1. Rounded to the nearest 5, what % of DSSP beta bridges with both residues in the chain are antiparallel?
2. So for 202, 305, fewest C-beta neighbours within 10 Å to most, what's the order?
3. Percent relative contact order of segment 270-340, based on C-alpha pairs within less than 8 angstrom and at least six residues apart?
4. How far apart, in nanometres, would the label points at residue 331 and residue 205 be if each is projected 7 angstrom from Cα along the Cα-to-Cβ direction?
5. With angles folded into 0 to 90 degrees, how steeply does helix 333-345 sit against the dominant principal axis of the chain? Use alpha carbons for both and round to 10.
6. I'd like the distance separating the alpha-carbon centroids of segment 75-105 and segment 242-256, in whole Å.
7. Find the relative contact order for segment 60-212 and round it to a whole percent, using C-alpha pairs within less than 8 Å whose residues are 6+ positions apart.
8. Whole angstrom only: what separates the Cα centroid of segment 260-282 from the Cα centroid of segment 283-350?
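Values in this text are rule-based calculations from the coordinates and carry no lab data. If you're wondering where the values come from, they're calculated on a predicted model, not measured in any experiment. Cβ sites come from the backbone with ideal geometry, for glycine too, and all protein chains shown count toward neighbours.
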């Protein structure tokens, strides 16, 4: 069956899906497979889709979209998984703004139930010119290779957080903006989380010469089983650009289920670290993050940022009680950039 898609989700981008597609009624129920689905329902929140250009567009009842099977385990979003089997006509759920679909198992009260997605079929890809037999479209097509070994790397600035929405991407952007304006060749990546183009686009918009995410490595949603080889593959790919430094976001939180802890425990990845920036939502999470870094990961938090530093109360607690420098990325952009620059290129400041 041939269908014309109304919208194509950003998560599909590796598969290079055209507007008109051929469908198969044989569905491969595996993460990364690209399906055509019809949207059912209306919402006033969480009712948009990020397309392959990074635009957020409204989802309407009846829209036919290209989406990708995957899992999600978000504290402040939906949780869901890929069912063991899927047939045409099944109703799945849209689990994130990037077009990840699966069976929702837990709902966040603030955003309500997800929009449903009726399965129309498996989108077929025709990778070879003139080939008349299609193959199931997957975001693993053309993906950056994973690696068990980290090659020689430019110094890495890791930006981690205590939870979702802790200000990680914003801090990354301000660090990149400062360093790029100073003339440094900066690369960027988001190593963990669930697929969305917005964050890496933001990094490039602020001056990164190249931005990659785990989706470029053919992964919809990271886990502890894949996060380390995916991270090494992405960092190896960035280092081919002859960069001065890398700004790396560890999506979700350091105690989440997306594989951040595995990265923090990896000797090769941490051996390339020049600075650790931690974004915290409040003073208690700031204290907990430093405790975890110190005792579990045997690492040092160089500077704390995020909402915990939004005013003097939080900053004074962090610096006085925790003993870590506190710099707010929203109101002290230059100070944060200068701190990171000195840590990476000129010695840690006093």
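1. 55
2. By the 10 Å Cβ count, ascending, the order reads 202, 305.
3. 30
4. Output for this residue pair reads 2.4 nm.
5. 80
6. For segment 75-105 versus segment 242-256, the Cα centre distance is 27 Å.
7. For segment 60-212, the relative contact order is 16 percent.
8. So the two Cα centres are separated by 14 Å.
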